[in-house]
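Here's the structure we're looking at; comments come further down.
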There are 2 protein chains.
Amino acid sequence: MLSKSQISLVKSLHQKKFRKENNLFFVEGIKAVTEFLNSSFVLYSIYIVPEFVPKLPKLSHKQKVFEVSINELQKISVLQNPQGVLAVFEIPKSIDFDVEKVNDLVIVLDGIQDPGNMGTIIRTADWFGFKNIICSIDTVDVYNPKVVQASMGSLARIRVVYNDLGILLSKNTLPVYGALLDGANIFKTNFLQKGYLIFGNEGNGISEELKPFISKAITIPGGEATESLNVSISAAICCAEIRRNMFK
Amino acid sequence: MLSKSQISLVKSLHQKKFRKENNLFFVEGIKAVTEFLNSSFVLYSIYIVPEFVPKLPKLSHKQKVFEVSINELQKISVLQNPQGVLAVFEIPKSIDFDVEKVNDLVIVLDGIQDPGNMGTIIRTADWFGFKNIICSIDTVDVYNPKVVQASMGSLARIRVVYNDLGILLSKNTLPVYGALLDGANIFKTNFLQKGYLIFGNEGNGISEELKPFISKAITIPGGEATESLNVSISAAICCAEIRRNMFK
């Protein structure tokens, strides 16, 4: 049984303002919830429709577990067809990103707005073993339910931080790759294994503020007739290209 | 000024049933509309907010052009922020797909459900110069407004047909690549330049019915922790890999 205050809390978490205020976000679906339960994220409460959820990892804090009906779940879910479980987790404390300690290619998102793109980039980054994503302050909130949904649990494994990218990159000495329309062919580029890889906003690309920090502009060749690729597609093709030799 | 019957017609085209009945679909946004106007698609009617649309290709059939206000456009648009132009086009007559005439790799979509994925696959296919996409009957309708939107005008250049894939592939003698979880590493695969490349449904992958037709199962390596990639991402990475040598 869901209390009024529980309904009101979870519904408030659909909005960024209240996620920030409560320092909480939520995850839906058995697979994604299981991945978060198996991670270092701290569970706040979990709502389960028993007949929909055959098994979840053992939940030690029984006081956080609530059995609900599918109609009750519908009231707090963002999904058209709720998947039988919704779990609220604490938003982890933001850790400062230390440019001195970068030992891999870090994905940089400069003003990505679409939650589906952001979630898909997280999922793809996880697939190819990237560990860190740094976002400009105006990038969509990573705890937006649609981002969490599209990331399919991968967010439990990827570290996403928000930062003033101008300040951060001004301290950097590693190569900075930037996906632009007039850069070097990525298929002929030898990517170094440490540095940054910037992808820009869906409509406007990489901001003028960040362009001066790019040490190597890169481009996916093709597109004789079409103008551009979706940013989550560009990111995926670049990630695959960078990891290609590892798998070759 | 929009008439009631115009509003009712365009609104009906939000639904597949009425697109089929009227043999019409619509496109929004200056860029996408321009690409369709410059293609072989036949214009039925176009609704323009003059202050939003500085230039479009010359429209010869003045009787098909209607100036409207942004509030009127809002009534027929599927977008939260309509972009100043909406054009209705005829759905072209479906041409039979002739397996004998295949002279490139043909992308095959087996039960793709998400319009965003379908549109993104069309956009990516166009980027890499693929010309043909064949869809199973249960794949989302290519004239769904969200598919058209996500394809960003690329649909004007790509031939998309629907077919009983079992029957079609049973007549085929070319290689059939299928994206599965346990196939050969795509980065070690020498793709032939003629044949078929199948991508399956978002949740269930390639159907059991089609699996027997796969002559070479392929997989994108990675994913130690995560289970799968989004299908539009998988398709993009495969398309890039297939075209890679052309650009290398």
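The values are calculated or read from the model by the stated rules, or taken from the named source; none is laboratory data. Computed from a prediction, not measured in an experiment: that's the story for all the values here. Backbone-built Cβ (ideal geometry, glycine too); neighbour counts: all protein chains shown. For accessibility, only protein heavy atoms count, side chains too; no ligands or nucleic acids. Shrake-Rupley method; radii C 1.70, N 1.55, O 1.52, S 1.80 Å.
Tabulated values for the structure
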quantity: Qualifying position, being of a type in the set (A, V, I, L, M, F, W, C), more than 14 Å from chain A (Cβ to nearest Cβ) and closer than 30 Å to B:Thr226 by Cβ, among B:Leu180, B:Leu168; calculated: B:Leu180
quantity: Failed criterion for B:Val85 (all others in (1) free of Cβ contacts under 8 Å to residues at least 60 places away in the same chain; (2) open to solvent by 40 Å² or more (accessible area, probe 1.4 Å); (3) of a type in the set (Val, Ile, Thr) hold); calculated: (2)
quantity: Only one of A:Ala217, A:Ala125, A:Ala225, A:Ala179 that is of a type in the set (A, V, I, L, M, F, W, C) and at pLDDT below 95; calculated: A:Ala225
quantity: Considering residues of segment B:34-50 that are β-branched (Val, Ile, Thr) and under 20 Å from the mean Cα position of the chain (by Cα) only, the residue surrounded by the most Cβ atoms within 10 Å (Cβ to Cβ); calculated: B:Thr34
quantity: A:Pro92 vs. criteria under 18 Å from the mean Cα position of the chain (by Cα) and open to solvent by 30 Å² or more (accessible area, probe 1.4 Å); calculated: yes
quantity: Counted residues, segment A:114-126 - those being open to solvent by 20 Å² or more (accessible area, probe 1.4 Å), within 10 Å of another protein chain (Cβ to nearest Cβ), assigned to a helix (DSSP H, G or I) and not basic (Lys, Arg); calculated: 1
quantity: Qualifying residue in segment B:72-81 (condition: among the β-branched types (Val, Ile, Thr) and within 14 Å of chain A (Cβ to nearest Cβ)); calculated: no
quantity: Top-ranked residue of segment A:155-190 - restricted to ones that are of a type in the set (Val, Ile, Thr) and over 18 Å from A:Asn117 (Cα atoms), ranked as most open to solvent (accessible area, probe 1.4 Å); calculated: A:Thr173
quantity: Hits in segment B:127-154 - residues which are within 11 Å of chain A (Cβ to nearest Cβ), open to solvent by less than 10 Å² (accessible area, probe 1.4 Å) and over 9 Å from the mean Cα position of the chain (by Cα); calculated: B:Phe128, B:Phe130, B:Gly153
quantity: Checking B:Ile206 against (1) free of Cβ contacts under 8 Å to residues at least 60 places away in the same chain; (2) open to solvent by less than 10 Å² (accessible area, probe 1.4 Å); (3) closer than 27 Å to A:Ser154 by Cβ, the condition it does not meet; calculated: (1)
quantity: Number of positions in segment A:51-75 that are out of contact with any Pro (no Cβ under 8 Å at 6 or more places or on another chain) and either surrounded by 11 or more Cβ atoms within 10 Å (Cβ to Cβ) or part of a loop (DSSP other than H, G, I, E, B) (or both); calculated: 17
quantity: Given (1) of a type in the set (A, V, I, L, M, F, W, C); (2) assigned to a helix (DSSP H, G or I); (3) more than 25 Å from A:Lys31 (Cα to Cα); (4) touching a Gly at 6+ places or on another chain (Cβ under 9 Å), index of the condition A:Leu155 fails; calculated: (3)
quantity: Residue ID - farthest from B:Phe128 (Cα to Cα), chosen from residues in segment B:220-248 that are open to solvent by 30 Å² or more (accessible area, probe 1.4 Å) and of a type in the set (D, E, K, R); calculated: B:Glu224
quantity: Exclusive hit being out of contact with any Gly (no Cβ under 8 Å at 6 or more places or on another chain), under 26 Å from B:Ile158 (Cα atoms) and not assigned by TED's automatic domain parsing to the domain that holds B:Val148, set B:Lys75, B:Lys58, B:Lys62; calculated: B:Lys58
quantity: Which listed residue is within 20 Å of A:Lys171 (Cα to Cα) and in contact (Cβ under 8 Å) with a residue 40 or more places away in the chain, from A:Asp141, A:Asp104, A:Asp114; calculated: A:Asp104
quantity: Strands (runs of 3 or more DSSP E) within segment A:169-248 that include 1 or more residues more than 20 Å from the chain's Cα centre (by Cα); calculated: A:176-185, A:216-219
quantity: Yes/no for A:Ala217 being within 14 Å of chain B (Cβ to nearest Cβ) and open to solvent by 10 Å² or more (accessible area, probe 1.4 Å); calculated: no
quantity: B:Ile198 buried (at least 18 other Cβ atoms within 10 Å of the Cβ), of a type in the set (A, V, I, L, M) and within 9 Å of chain A (Cβ to nearest Cβ); calculated: no
